[in-house]
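Comments concern the structure below.
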Amino acid sequence: MARSLVCLAAAAALTLTGGLAAGAAPAAAQTPVAGEAGPETELAPVGVCLGAEDGTAPAPVQLAAMRCLVNYARAQHGLKRLGGSRRLARSAAAKTAMMLTCDQFAHDACGRPWFQVLRAVGLRRSVGENIAYANYQSADGTLASPRFVMDKWLHSPSHRTNILRTRWRTHDVAVHLRAGFQGLGDVAVWTSHFSA
């Protein structure tokens, strides 16, 4: 019998200025109204984002799939496609490594403010963060796929708001596959960073 576990967390967007974090006003809620896209239509159909359904794919394939999934969801609202960012990729990787190092699933992992890894790569503007970890303990060891994680983010109001913020211009993501984390094995740990 398979057992699955998914944990999600979204950090509010902040504006980073002068090395200090100042809370930014939250973006207007992007709750769908009748006839508009919602989580069910924001998730790319199977086969649209190469590798999105395969939790056993190599990390680069899963990362590309998650970027595609984010941009697909945004396109359903007519929002601008987000470009990739080496700095955001580095900050997301650093955050994922930090959570694994201290075995703590939290935006403020290891006692550090969540935005510290973003400042460390030189970002001084509005930023946001979504994190998740998921595992499947099944006979074949299949991990949760990017599509599985994205579906959970889209059904969480705070994560969905981060994904659909109109001010974002760039996005990148990191994943560590088959990690031992929080007393579990075969866990995929995700960090998604956004910036204006």
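The values are calculated or read from the model by the stated rules, or taken from the named source; none is laboratory data. All of these numbers come straight from a predicted model, not from anything done at the bench. All accessible areas refer to the heavy atoms of the entire protein, side chains included, with ligands and DNA or RNA removed. Shrake-Rupley method; radii C 1.70, N 1.55, O 1.52, S 1.80 Å.
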- Item | Listed residues H176, H171, H77 arranged by accessible area, highest first, probe 1.4 Å | H176, H77, H171
- Message: Apply the Karplus curve 6.51 cos²θ - 1.76 cosθ + 1.60, θ = phi - 60°, to the phi angles in the stretch 63-73 and return the couplings in whole Hz, x for Gly and Pro.
- Response: 5, 4, 5, 5, 4, 4, 4, 4, 5, 5, 4
- Task: Determine the distance separating the Cα centre of the stretch 141-196 from the Cα centre of the stretch 54-118; give it in Å without decimals.
- Result: 6 Å
